[in-house]
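Have a look at the structure below before the remarks.
Please treat every number below as a calculation from the coordinates, not as lab data. It should be emphasised that the depicted structure is a prediction, and the values quoted were computed from it without experimental measurement. All Cβ positions, even for glycine, are placed from backbone atoms using ideal geometry, and neighbour counts span all protein chains on display.
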Amino acid sequence: MIKLVGQVFNANFTVSCKCIITFVQKLRSLISCRHSFWVLLFFLSSLTTVGQHYVHSSVWLRLAPTWEINKHWNLTADLWYRRQNDLHGSKFNALAAPLLAPSGRIGVNYRTKHWSFALFPVALYRAFPALGKEADYSRPRTNELRPTALIEWSQALLRHLSIRIRGGYEYRRFAGIPPTGRARFRVLIRRDLTSKMYTSLWNETLLPVAPNVAVQQTYEINRTNLAIGGNLNKYLILEAGYQFSHRQRRSLSEFDEEHALTVTGYYRF
């Protein structure tokens with residue numbers, strides 16, 4: 001049985017775009033391929049924040065079908081549905097209220113050995129407010145068009161271990177208000193457990209950017225996800241995980257802390 005052993009970095013160690021090379025070198029030095037797997041605890045969700053905190057539980061469902069055109073190009077899509085707990089009920093009943101109505105996006109992906117480029121010109125989100133306080137019940141559902149561009153670099157570190165670093169930009173359009181922008185940055189560590197099973201740990205930070213930054217937030221959302229997945233057959237991969245999301249509201253003094261069960265199906269046509 002393969003053991004998963006966590007390795008904690010010095011508290012002063014931080015990761016930025018300018019130190020990706022140093023980050024990879026340190027990661028290599030922390031991993032032993034002979035007896036164990038060292039998991040890098042790369043996350044920002046322990047950031048110290050002072051203010052009002054609202055705790056939530058939720059379930060995130062995702063289906064990601066892919067149609068392969070050739071060895072470099074494929075068409076890809078995402079379908080989402082999410083539920084959350086009701087403020088008036090148990091925090092553990094993550095199915096009580098809607099969080100995201102059926103939503104989705106469709107796009108194209110170009111892939112090489114180490115790089116992946118994705119463009120989603122059509123993306124529709126129908127989100128409900130996170131229910132942290134009574135005033136959230138009066139906030140309407142938002143319908144959002146969100147064209148997205150993503151770029152990802154991947155590299156094998158050891159025999160069964162790999163790293164993926166992804167950045168992206170979202171152009172967000174809402175009815176009745178000016179459009180906004182959001183940048184995304186994610187680092188993912190993946191470990192192959194067997195020929196059909198794997199585990200992954202990733203952290204992603206989302207930042208408000210041009211156009212029309214309404215509030216200068218330190219960040220908008222930070223997510224950390226630990227998951228395990230496997231091939232059910234040659235077409236379908238099923239993945240389940242735990243995700244912690246830390247959101248800063250525009251008041252800057254209110255924060256949503258969400259504990260989610262994530263279930264994803266990757267289907268290849």
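Shape call for the range 104-176 from the C-alpha gyration tensor, a ≥ b ≥ c root eigenvalues: rounded (a/c under 1.5), prolate (a/b greater than b/c) or oblate?
Oblate.
Which aspartates and glutamates does Lys234 reach when only Cα atoms under 19 Å apart count, and residues fewer than 8 places away in its own chain are ignored?
Straight-distance partners of Lys234: Glu68, Asp192.
Measure off 7 Å from each Cα along the Cα-to-Cβ vector at Tyr110 and Leu252, then give the distance between these two points in nanometres to one decimal.
4.1
Quick one: what are the phi-derived ³J(HN,Hα) couplings along the range 152-165, Karplus 6.51/-1.76/1.60 with θ = phi - 60°, whole Hz, x for glycine and proline?
Along the range 152-165, the couplings run 9, 10, 10, 8, 6, 9, 9, 4, 10, 10, 9, 10, 9, 10 Hz.
Net charge within 15 Å of Val263 by Cβ-Cβ distance, Lys/Arg positive one each and Asp/Glu negative one each, not counting Val263 itself?
Charge balance in the 15 Å sphere: +1.
Ranked from highest to lowest mean number of other Cβ atoms within 10 Å per residue, what is the order of the peptides 203-211, 107-115?
203-211, 107-115
What list of ³J(HN,Hα) values in whole Hz, one per residue of the range 59-74 in order, does the Karplus curve 6.51 cos²θ - 1.76 cosθ + 1.60 (θ = phi - 60°) give from phi, with Gly and Pro shown as x?
10, 10, 10, 9, 10, 10, x, 9, 10, 7, 8, 8, 5, 10, 10, 8
Which residue, Leu131, Gly107, Leu145, has the largest displacement toward the positive end of the dipole of the range 102-160 when charges sit on each Cβ (Lys, Arg +1; Asp, Glu -1)?
Towards the positive end, the residue furthest out is Gly107.
Along the Cα→Cβ direction, 7 angstrom out, place labels at Leu158 and Leu75. What is the inter-label distance in nm?
Calculated label separation equals 4.1 nm.
In what sequence, highest mean first, do 215-222, 146-153 appear when ranked by Cβ atoms within 10 angstrom?
Packing order, densest peptide first, comes out as 146-153, 215-222.
Quick one: give the max-minus-min coordinate of the C-alpha atoms of the range 145-185 along each principal axis, largest first, in Å.
52, 12, 10
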